[in-house]
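First up is the structure itself, then whatever we jot down about it.
The values are calculated or read from the model by the stated rules, or taken from the named source; none is laboratory data. Note that the structure is predicted; figures quoted are calculated from it, not measured. Glycine also receives a Cβ, built like all others from the backbone with ideal geometry; neighbour counts cover every protein chain displayed. Quick note on the areas: whole protein, heavy atoms, side chains included, nothing else; ligands and nucleic acids left out. Shrake-Rupley method; radii C 1.70, N 1.55, O 1.52, S 1.80 Å.
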Amino acid sequence: MHAFSHSTTSTPTAIAVPPQLALPVIEDGFPRRLHPYWPQLQEKTRLWLLEKRLMPADKVREYADGLCYTDLMAGYYLGASDEVIQAICDYSAWFFVWDDRHDRDVVHGRAADWRRLRFRLHTALDAPLHHLYHPDTLVAGFADSVARLYAFLPDTWNQRFARHFHEVIEAYDREYRNRTTGYVPQVEEYLALRRLTFAHWIWTDLLEPSAGTELPDAVRKNPAYRRPALLSQEFAAWYNDLCSLPKEIAGDEVHNLGISLVTHEGMSLEKAVEDVRRRVEECITEFLAAERTAHRFAEQLDDGTVRGKELGAAVLACVANMRNWFSSVYWFHHESGRYMVDSWDDRSTPPYVNNEAAGEK
């Protein structure tokens, strides 16, 4: 199936979406939009990766643009100031590099290196300005991106972001132990862990600096807001599992919803793929209903006061970006070199990763 992706390259191209991954409802009902700062984002994040030495220079030159990390964020956080979207894009690029380091630490059995990195990230998260020049470039890059994100909203938002990311680090540690011991989580256990390794609440937190305001707990925790936020993230995580299943089977992975279904529910691979796809499609349907509820909630918040008007507008902006996440995630998986395993020399080893333990010389 060929679909117009409205590609972020200067010349739009028809992207071939395999039938088992094609979602016409996304292509037709979730128009892709991009932050107008996108061209500068791509260039500046590429330079940031070089400056922070997060990827070898040759790999940045050959692969950075094709990995489309800035495209993913530029299609999500619309309305953000240029400074905010740049900080988010750099942080997102760091996140992908961290994910690759974690994967290589698993593959090469670098338990001591991973343990050391885990504790350093916890420490840098709480005091990023003290770690800007850390000898491990991954820690220094993390500190730089987090310090910039901490500059936009009050300290209460910073503390919440830190609390959520501490949980993400620990979830990555559980994934490390699962993979190195060959443990495939039960389905419900996997789904709970996936919400953390995919960083559901981190990406949701970042909707707020994009909207220019911190949402009070009474708004953020209200089911009318929380439900569409969760559905947009679940869609992304499960669609990622659907698209990355070939790569993860090739790499003897244990962390994928499809693999948990095969292992613990007795499904064939074909049936597991169908089940994951069904869950993905249900997320879209349920989001459309939750989106309408969120719009009514925003109307109720706008009670005629200045603060009510601000909150109502912020909720509408955040919910609009939850919608943008669907199309951005969808096209990212068909444009990014991160998922083009058939073009790799070794289907289990991404060509854009560095197999050395950076920072551990």
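Here is how the numbers come out for the structure above:
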read-out	value
Label-point gap, in nm, between residue 299 and residue 126 - each point 7 angstrom along Cα→Cβ	4.7
Where 62, 291, 43 fall by accessible area, highest first, once all protein chains stay in place (1.4 Å)	62, 43, 291
For residue 99, solvent-accessible area (1.4 Å; no DNA, RNA or ligand), Å²	50
The chain: C-alpha gyration tensor shape, a/c 1.5 cut-off, then a/b vs b/c	rounded
Distance from segment 220-256 to segment 281-327 (C-alpha centre basis), Å	21
Size of electric dipole in the chain: Cβ of Lys, Arg +1 and of Asp, Glu -1, about Cα centre, debye, nearest 20	460
Cα-based shape type of segment 124-186, given that a ≥ b ≥ c are square roots of the gyration tensor eigenvalues and the cut on a/c is 1.5	oblate
Heavy atoms of residue 226: accessible area, 1.4 Å probe, square angstrom to 10	90
For segment 203-361, with +1 on Lys and Arg beta carbons and -1 on Asp and Glu, the positive-most of 343, 219, 268 along the dipole	219
More than 24 angstrom apart: percent of Cα pairs within segment 12-104	31
Unit Cα scatterers, Debye sum, segment 170-286: log10 I(q)/I(0) for q = 0.09, 0.21 Å⁻¹	-0.28, -1.17
Lysine pairs meeting the criterion (Cα under 25 Å, 8 or more apart or interchain), as found in the chain	7
Tensor-based shape of segment 202-361 (alpha-carbon gyration tensor, a/c under 1.5 rounded, otherwise prolate or oblate)	prolate
For residue 44, solvent-accessible area (1.4 Å; no DNA, RNA or ligand), Å²	100
GNM flexibility winner over the chain from 188, 234, 175 (Cα, springs under 10 Å)	188
